[in-house]
1. Scan the stretch B:65-77 and tell me whether some residue there is closer than 30 Å to A:SER19 by Cβ, of a type in the set (A, V, I, L, M) and touching a helix residue (DSSP H, G or I) at 6+ places or on another chain (Cβ under 6 Å).
2. Of all residues in the stretch A:45-104 being surrounded by fewer than 21 Cβ atoms within 10 Å (Cβ to Cβ) and among the polar types (S, T, N, Q), which is nearest to the other protein chains (Cβ to nearest Cβ)?
3. I need every pair where a residue in the stretch A:133-155 that is within 17 Å of A:GLU113 (Cβ to Cβ) and free of Cβ contacts under 8 Å to residues at least 60 places away in the same chain has its Cβ under 8 Å from the Cβ of a residue that is of a type in the set (A, V, I, L, M, F, W, C) and outside any helix (DSSP H, G or I), sequence separation at least 6 or different chains.
4. Would the stretch A:9-24 turn up any residue that is touching a helix residue (DSSP H, G or I) at 6+ places or on another chain (Cβ under 7 Å), farther than 30 Å from B:THR77 by Cβ, touching a residue at least 12 places away in the same chain (Cβ under 8 Å) and surrounded by fewer than 19 Cβ atoms within 10 Å (Cβ to Cβ)?
5. For B:GLN60, work out the one condition from (1) surrounded by fewer than 18 Cβ atoms within 10 Å (Cβ to Cβ); (2) under 30 Å from A:ASP17 (Cα atoms); (3) of a type in the set (S, T, N, Q) it doesn't fulfil.
6. Quick test of your reading of the structure: B:LEU88 fulfils all but one of (1) hydrophobic (A, V, I, L, M, F, W, C); (2) within 10 Å of chain A (Cβ to nearest Cβ); (3) closer than 30 Å to A:ILE82 by Cα. Name the failing condition by number.
7. Report, by residue number, each residue of the stretch B:1-31 that is within 7 Å of chain A (Cβ to nearest Cβ), more than 20 Å from the chain's Cα centre (by Cα) and at pLDDT 85 or above.
Amino acid sequence: MEEENVLNQELVIERNDKSILGFWIYIMTDCVLFASLFATYAVLHTNTFGGPSGKNIFDLNYVFIETLVLLISSFSCGMATIAAFKNKKSMTIIFFGITILLGLTFLIMELSEFHHLALIGDSWTRSAFLSAYFTLVGTHGLHISIGIIWMIIIIGLILKKGLGPHNLRKITMVSIFWHFLDVVWIFIFSIVYLMGVIK
Amino acid sequence: MSKEIVPGYDNLRLSSYLKGFFCALTFTILAFLTATDHSIDGFSRMFIIIVLAIVQFILQLVFFLHLGEDRKPKWKTGVMLMMILIVLILVLGSLWIMKSLDYRMLPSTKQIDNYLNSQSGGL
């Protein structure tokens, strides 16, 4: 019985390891997607067609706060993962809750920025620069919303089934996903916003 | 108990996340201050921001995504390096092609007129 348990555990270990590697490879292909959007943006960012350039429409202080919100949410996601592996159920749920709230704050800030731009007539139809900008930042926002939905599902799963090996695997994956989105945001913040204002 | 279930993730440490968080915070603030500092010229500011972004990228990979801590063979790191190679080819290649396309493009009628005028002293 004891031996069988050990064998079973090793099977679970191997399967978890494999699926996490598979998920990691998916994340890397997602990086390639973002890279192609970055390349598009880099090629088109000067084609403003008489419309505004980044310098005219970006509010750096606002984006800086957005960046901090996302960074703190990345940290709290890490805390949730640590709590999960220490088998602290309520702490895990609280930290995932904080992450979801911060993620929602970020998403609302981004959407209100988009809304503001669309209202003053600088939507994605205005110029090639704005199309590339909306596609790049919008794709990131779409990933953020998927991450938020995923974390809500994970909280439901934890409440239902506790912190078993399967849920730990899922928690590891969602935390990889969320940290990866923060990593992509470093480049959006630096290349699109900070460098856009300099030019 | 759960520690043995998913190895490779049993070494999650609070200190690693704290370090990652404070490094990322510092680098974000530094990049922000660089962008708003008008005493440095535009080109050097852009250079500094890119360097800060790359350093922050590596720090977040190490502290948040625990890169390089997986067991041998290090598949995760290998896939990551391959991704970086493809990304570099994609981004730098696109920029190179578009730049050279711009250079080889037929100039506008106005530019041709200007050129002809400068050659023959006007028609």
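The values are calculated or read from the model by the stated rules, or taken from the named source; none is laboratory data. Here the structure is a predicted model, which means the values were calculated and not measured. We place every Cβ from the backbone using ideal geometry, glycine too, and count neighbours over all the protein chains shown.
1. The initial filter retains those residues of the stretch B:65-77 that are closer than 30 Å to A:SER19 by Cβ, namely B:65-77.
Next cut, of a type in the set (A, V, I, L, M) only: B:65, B:67.
Restricting the remaining residues to those that are touching a helix residue (DSSP H, G or I) at 6+ places or on another chain (Cβ under 6 Å) gives B:65, B:67.
Yes, there is a match, as at least one residue in the stretch B:65-77 is closer than 30 Å to A:SER19 by Cβ, of a type in the set (A, V, I, L, M) and touching a helix residue (DSSP H, G or I) at 6+ places or on another chain (Cβ under 6 Å).
2. Among residues in the stretch A:45-104 that are surrounded by fewer than 21 Cβ atoms within 10 Å (Cβ to Cβ) and among the polar types (S, T, N, Q), the one nearest to the other protein chains (Cβ to nearest Cβ) is A:ASN87.
3. From residues that are within 17 Å of A:GLU113 (Cβ to Cβ) and free of Cβ contacts under 8 Å to residues at least 60 places away in the same chain, the pairs are A:PHE134/A:TRP124.
4. Step one: list which residues in the stretch A:9-24 are touching a helix residue (DSSP H, G or I) at 6+ places or on another chain (Cβ under 7 Å), which gives A:9, A:12, A:16, A:19-21, A:23-24.
Adding the requirement that they be farther than 30 Å from B:THR77 by Cβ leaves none.
Taking every residue of the stretch A:9-24 in turn, none turns out to be touching a helix residue (DSSP H, G or I) at 6+ places or on another chain (Cβ under 7 Å), farther than 30 Å from B:THR77 by Cβ, touching a residue at least 12 places away in the same chain (Cβ under 8 Å) and surrounded by fewer than 19 Cβ atoms within 10 Å (Cβ to Cβ).
5. Only one criterion is unmet by B:GLN60, namely (1).
6. It fails just one condition, (3).
7. Those that are within 7 Å of chain A (Cβ to nearest Cβ), more than 20 Å from the chain's Cα centre (by Cα) and at pLDDT 85 or above: B:LEU14, B:TYR17.
Each row is one residue, and each column tells you yes or no for (1) of a type in the set (Phe, Trp, Tyr); (2) in contact (Cβ under 8 Å) with a residue 60 or more places away in the chain; (3) in contact with a helix residue (DSSP H, G or I) (Cβ under 8 Å, 6 or more places away or on another chain).
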position	(1), (2), (3)
A:ASN5	no, no, no
A:ILE27	no, yes, yes
A:ASP30	no, yes, yes
A:ALA35	no, no, yes
A:GLY51	no, yes, yes
